[in-house]
Amino acid sequence: MSQSSLLPLLASRDLDQPLAWRHGVPVSAREFLADVARFAPTLPAGGPAVNLCGDRYAFAVSLGAALVRGLTSLLPPDARPDTLARLCDAGGRTFAIADAANTETPGMPRVLFEAQPAAVASPDQPVPAIDAGLHAVSLLTSGSTGTPQPHAKTWQTLVGDVAAAVDRLSGMLGRSSLAGLTLVATVPVQHSYGLESSALLAMLGGAAFDSGRPFFPADVARTLASVPQPRALVTTPFHLKTLLLAGIALPPVDLILSATAPLSPQLAAQAEQAMGGALIEIYGSTESGQVATRRPTQSEIWETFGEIRVHAERDDKGAERFVFEGDFIPEPTPMADVLELLDARRFRLFGRANDLIHVAGRRSSLGYLNHHLNSIPGVVDGAFWLPDDVTDGVVRPVAFVVAPTLDAHAIIAALRERLEAVFVPRRVVQVAAFPREGTGKLTARSLREFALAQLASDGTPVQITRDVPQDHPAFAGHFPGQPLLPGALLLSEVLEAIRGVPALAARIGAQPTLAAAKFLAPVRPGSALVIDLVPETGASRGLRFEVRCDGVVAASGRWTPAASAPA
């Protein structure tokens, strides 16, 4: 292997200065290298390693140890047993690294990272050299099916990604480098943004990071105060809004980084005023890495990092998409966003391509609607949702809000001043909280399930659509020449639809009783089913259903909890 194909584990820096802070105590880069050297031999050969460490320092040491051993680190979006089970390879080589003894790793062995006294750091401790082409990490995002989708990154790609960010951020701070800057992050390090802007920004960018992940506002303030200036807060719009609404005194910071969703200029201005530092937004994706920045209090225009360029093109279906390429990006990468290009390096962001909605012939985006909903004083958190059902020939959006001091009438009145009439919701649903991920994201799938559950909990009917495959195996025997879906399987489709709505599933329990059922019309291959689920009111805990196929009622009936008697 030639020397030119090797890149260091740590960027050039004073090894005696802090790389990390743990509970207010500094850990030097030299001590970090000693910990990596001590931990690396304990890792099994082959790999890959699933890095589940919640402590940011434990994560960084584990990542470094895996790199030294030439192993890939898998970074899952969560540590649920079903997620981890999908990561086990057929050869049984996958193992997990955890820093909590109670972490369960079904189907794979576990290596426990245990906090130990500071390693004895040799004054001539070498900085390991890593193969630039090594498959360093696979970032795993949870797609619409819930199955983790891996995005492989080489060490060279990660080094280039961070180098481009360091140049931009240093310039915005008026500094020659990020040396001495301490990062406090509210985002999980297994997420691409959390990885790039905390652990890697220290390892490859000369900064230092706090090992924790403060979540509550008081914890964020306490952690910031525990590390020296200059310091930066790495966060998201959701976390930032929660922090500012808490009304607590915040230590001054020199830089605020925000990503995962566009930030309003108003919230950015409040953050800069409260903490004194410049707020910089980062734009990117798991696939591309971080590719552009803007300072929303000064401009709505995004500018790409380094030599990255963006252009518009048509995909194989004729739809316009925007592709980023150059610099550290290994290959041209399309984004799932709608942009307005000013030139090859500057653009405006209009929202996700799948975020656009049409109501009564008018077009908008859920991101735009959510921005105005969350800008209403008193709204702590909010999200629009577009249901599947149609009222008066029009799909009507529903607004879900966390707003303890406001009622629905006040929220609707405020939205009338901000939105076109067709986008003002006829219904506002008060909720306690949203099922947001650790990064603050609210995925379309989790919002839909949450919305259905909320609406079902107060007796609102729920409508779910399902398609019957042309090649369903039941058609082979029912019946040759005249295939139809058996009634038992049709009931199974209804039950599956119910179990997709948590409030309805809880209503009838794990083993419900079929109290009544009528089969009124055949269901053929390729049919589209519309399943209406109607919770019964009053003392009854029953659930009525009706299945329509091509506008004709194919089946109807009623499920009850197991202990209930048939009607």
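Could you calculate the contour length gain from Gln430 to Leu356, that is, 0.36 nm times the residue separation minus the distance between their Cα atoms, to one decimal place in nm?
The span from Gln430 to Leu356 would gain 24.2 nm if fully extended.
With Cβ to Cβ distances under 13 Å as the rule, what net charge do the other residues near Pro330 carry (K, R +1; D, E -1)?
Local charge sum for Pro330: -4.
Just to confirm a number: summing +1 for Lys and Arg and -1 for Asp and Glu over residues other than Asp219 whose beta-carbon lies under 12 angstrom from that of Asp219, what do you get?
Neighbour charge sum, excluding Asp219 itself: +1.
What is the set of long-range amide H partners of Leu484 at a cut-off below 5 Å, with H atoms built 1.01 Å from backbone N?
The answer is His478, Phe479.
Per 0.36 nm of contour for each residue apart, how much would the distance between Ala521 and Glu331 grow if the chain were fully extended, relative to their Cα-Cα spacing?
Once the chain is fully extended between Ala521 and Glu331, it gains 63.1 nm.
Roughly how far apart, in whole Å, are the Cα centres of the stretch 211-226 and the stretch 277-337?
31
Which of Cys549, Cys53 has the fewest other C-beta atoms within 10 Å, and how do the rest follow up to the most? Spell out each step's value before the answer.
Working: Cys549 20, Cys53 23.
Fewest-to-most Cβ neighbours within 10 Å comes out as Cys549, Cys53.
With only alpha-carbon atoms counted, please give the Rg and Dmax of the stretch 459-560, in Å.
13.8, 47
Summing -39500 (n - 2.57) over the DSSP H runs of n ≥ 4 in the chain and dividing by its residue number, what mean residue ellipticity at 222 nm do you reach, to the nearest 500 deg cm²/dmol?
Value at 222 nm, helices only: -7000 deg cm²/dmol.
Tell me, what HN-Hα J-couplings in whole Hz come from the Karplus equation 6.51 cos²θ - 1.76 cosθ + 1.60 at θ = phi - 60° for each residue of the stretch 331-340, using x for Gly and Pro?
Along the stretch 331-340, the couplings run 8, x, 10, x, 9, 8, 10, 9, 10, 10 Hz.
Hey, what's the Cα Rg ratio for the chain versus the globular rule of thumb, 2.2 N^0.38 Å? Don't skip to the answer; put the middle values down first.
Values: Rg = 26.6 Å, N = 567, 2.2 N^0.38 = 24.5 Å.
For the chain, the normalised Cα radius of gyration is 1.09.
When we measure straight from the Cα of Lys441, which lysines land under 27 angstrom away, once same-chain ones fewer than 8 places off are left out?
The reachable lysines, counting only those whose Cα sits under 27 Å from Lys441, are Lys153, Lys241.
Using the alpha-carbon atoms, what tilt in degrees (0 to 90, nearest 10) does helix 265-275 show relative to the longest principal axis of the chain?
For 265-275 against the chain, the angle is about 40 degrees.
Can you give me the long-range amide H partners of Leu6? Hydrogens built in the peptide plane at 1.01 Å from N, cutoff under 5 Å, separation of 5 or more residues or another chain.
Here the answer is Ala132, since their amide H atoms fall under 5 Å of that of Leu6.
Tell me the label-point distance for the pair Ala413, Val395, using the 7 Å Cα-to-Cβ offset, in nm and rounded to one decimal.
In this crude spin-label approximation the distance works out to 3.1 nm.
Could you order peptides 289-299, 218-228 by the average number of other Cβ atoms within 10 Å of their residues, highest first?
Listed from highest to lowest mean packing, they are 289-299, 218-228.
Where does the charge balance sit around Val234 when Lys and Arg score +1, Asp and Glu -1, over other residues with C-beta under 11 Å from its C-beta? Could you put the intermediate results ahead of the total?
Working: positive: Arg56, Arg213, Arg231; negative: Glu196, Asp210.
Charge balance in the 11 Å sphere: +1.
Counting other C-beta atoms within 10 Å, which of Trp559, Trp302 has the fewest, and how do the rest follow?
Trp302, Trp559
How do the peptides 19-30, 403-414 rank, highest first, by the average count of neighbouring beta carbon atoms within 10 Å per residue?
On the way: 19-30: 18.8, 403-414: 15.0.
Sorting 19-30, 403-414 by mean packing, highest first, produces 19-30, 403-414.
Computed from the coordinates by the stated procedures, all read-outs in this text should not be read as laboratory data. This one's a predicted model, so the numbers in the text were calculated from it and none came from an experiment. In this analysis, Cβ positions are derived from the backbone assuming ideal geometry, glycine residues included, and neighbour counts consider all displayed protein chains.
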